[in-house]
Amino acid sequence: QQQLVESGGGLVQAGGSLRLSCTASGRTFSSYTMGWFRQAPGKQRDFVAAITGSSGFTFSGDSMKGRFTISRDNAKNTVYLQMNSLKPEDTAVYYCAATLRGGMWFRPDLYDYWGQGTQVTVSS
């Protein structure tokens, strides 16, 4: 079982950067694929990026490629999301999630554990 806590959100101007962190408290963190999702008010939860446990393979949503980078530090039980060139449309609550299941990592229903979310607001 994993308990996930996100941090690093905040208010930033368009073109700026933020780095989100998600720290897990459970054991065997390195076995989990970790994902980042985001949800804007009135919209569905969208996939941002995912990273597998041991191999560190990454997979990103099309609109984030080249701007967002997911990484992890298994020694610290932490996954990161580096966000550059932020746009107002990136404004959302960002969630991290964990799963032991393989497959379509862009699907929220694949993930078993979720953090509480951290707000990212990008001003124009």
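Here is how the numbers come out for the structure above:
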read-out	value
Residue in region 55-62 that is farther than 19 Å from residue 101 by Cα and open to solvent by 70 Å² or more (accessible area, probe 1.4 Å) present	yes
Test for residue 73: is it open to solvent by 30 Å² or more (accessible area, probe 1.4 Å), farther than 22 Å from residue 30 by Cβ and among the charged types (D, E, K, R)	no
Residue in region 96-103 that is within 21 Å of residue 15 (Cβ to Cβ), open to solvent by less than 40 Å² (accessible area, probe 1.4 Å) and not in a loop (DSSP other than H, G, I, E, B) present	no
Matching residues, region 85-95, being open to solvent by 60 Å² or more (accessible area, probe 1.4 Å) and either at positive phi or within 14 Å of the chain's Cα centre (by Cα) (or both)	85
Selection status of residue 113, crowded, with 18+ Cβ neighbours inside 10 Å, under 14 Å from residue 4 (Cβ atoms) and modelled with pLDDT of 95 or more	no
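The values are calculated or read from the model by the stated rules, or taken from the named source; none is laboratory data. From a predicted model like this one, the values you see are computed outputs, not experimental measurements. No Cβ is skipped: glycine too gets one built from the backbone with ideal geometry, and neighbour counts run over all protein chains shown. For accessibility, only protein heavy atoms count, side chains too; no ligands or nucleic acids. Shrake-Rupley method; radii C 1.70, N 1.55, O 1.52, S 1.80 Å.
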